[in-house]
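> The following block contains the structure, expressed as structure tokens.
What follows is calculated from the coordinates using simple rules that are stated; it is not laboratory data. Fair warning: this is a prediction, and the values are worked out from it, not measured in the lab. Here the Cβ is made from the backbone with ideal geometry for all residues, glycine too, and neighbour counts use every protein chain on show.
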């Protein structure tokens, strides 16, 4: 697995990932939290967005400016999830 570190492409060893995946769910969550904290502690500028990410962010910003809506309230989201789940369950029967 490849990723960028300070502009340089480096390789994550398969052993590191393999060992991390052997951890329990709780241990993996804790590992992610600690890794995320270590990234935040480094400070400096945020990683650059890819062109598709920038385009999506711009699309969302324009939509927000146009509609003024920040999103859906919890009751609306909950109802949508329940309805989607019910439709998925109906198709399986």
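> Quote to one decimal, in nm, the extra length available between residue 19 and residue 65 on full extension: 0.36 nm per residue of separation minus the C-alpha distance between them.
Extra length available between residue 19 and residue 65 comes to 12.0 nm.
> Using a ≥ b ≥ c from the Cα gyration tensor of segment 2-92 (square roots of the eigenvalues), is it rounded, prolate or oblate, where a/c under 1.5 gives rounded and otherwise the larger of a/b and b/c decides, a/b for prolate?
Because a/c hits 1.5 or more and a/b fails to exceed b/c, segment 2-92 counts as oblate.
> Quick one: if you stick a label point 7 Å off each Cα along the C-beta vector at residue 29 and residue 48, how many nm between them?
3.6
> Would you calculate the separation in nanometres between label points at residue 38 and residue 73, each defined as 7 Å from the Cα along the Cα-to-beta-carbon direction?
4.4
> Here is a further query. Where the centroid of each part is defined by its Cα atoms, how far is segment 36-54 from segment 63-91 in Å?
Cα centroid to Cα centroid, the span is 29 Å.
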